[in-house]
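What follows draws every value from the coordinates through simple rules; no lab data is involved. Since the model is a prediction, treat every value here as computed from it, not as a measurement. Positions of Cβ are generated from backbone atoms using ideal geometry, with glycine treated the same way; all protein chains shown enter the neighbour counts.
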Amino acid sequence: MATYIYEPSLKYADTHEWARQEDSQVVVGISDAAQDMMSDIVFVELPEIGTTVSAGEAVAVVESVKAAEDIIAPVSGSVSAVNEELNDTPELVNSDPYGAWFLKIEVEDGEELEKLMDADAYSAFVDSQQ
């Protein structure tokens, strides 16, 4: 069974995205477990700034040598920023999954973030999937 890194300050979705509150925005990326399961990430498709997203819907795409996977919005709101650095160096997601964020969402409903798992619950969830 693989050993993954979990950031205790983050919230996690069962679709393997992490979310971090920064004022009225939520920063979104994928977990260490997700990047490991995908293997070598070769391409990231980010949304346009201003795109309205709903929690649970696809908001971006990440492609690896194994497959392409949707990045699911953990909260609803409007995309306020994207990490342009991933366009040229998508492999940053593999080397630093908690630093290589994908997008920021200006949040509509702060309660959605509270519905996500904390690091301990997500760790147990990942372990149960292996």
query: Over the Cα atoms of the stretch 73-130, what is the Rg over Rh ratio if Rh follows Kirkwood?
result: 1.04
- line: Looking only at lysines whose Cα falls under 30 Å of Lys66's and that sit 8 or more positions away or on another chain, we get Lys11, Lys104
task: With label points built 7 Å along Cα→Cβ from the Cα atoms of Val65 and Glu22, find their separation and express it in nm.
output: 3.1 nm
query: Karplus couplings for the stretch 8-23 from phi (6.51 cos²θ - 1.76 cosθ + 1.60, θ = phi - 60°), rounded to Hz, Gly and Pro as x?
result: x, 7, 9, 10, 10, 9, 6, 9, 6, 8, 10, 9, 10, 6, 9, 6
message: Largest first, please: the extent of the C-alpha atoms of the chain along each principal axis, to the nearest Å.
response: 38, 32, 21
- prompt: Which whole-Hz ³J(HN,Hα) couplings does the stretch 59-65 yield from phi under the Karplus relation 6.51 cos²θ - 1.76 cosθ + 1.60, θ = phi - 60°, glycine and proline marked x?
  reply: 10, 7, 10, 10, 10, 10, 5
- request: Quick one: among Val28, Val93, Val82, which has the greatest mean-square fluctuation in a GNM of the chain with alpha-carbon springs under 10 angstrom?
  value: Val82
message: In whole Å, what are the extents of the stretch 5-62 along the principal axes defined by its C-alpha atoms, from largest to smallest?
response: 30, 27, 17
- prompt: What does the charge add up to near Pro97, with Lys and Arg as +1, Asp and Glu as -1, over the other residues with Cβ less than 10 Å from its Cβ?
  reply: -4
- line: Amide H proximity to Val53 below 5 Å, modelled H, separation 5+ or other chain, gives Gly77, Ser78, Val79
- line: Spelling it out for Ser64: with amide H atoms placed in the peptide plane at 1.01 Å from N, the residues 5 or more places away or on another chain with amide H under 5 Å from its amide H are Val42, Glu69
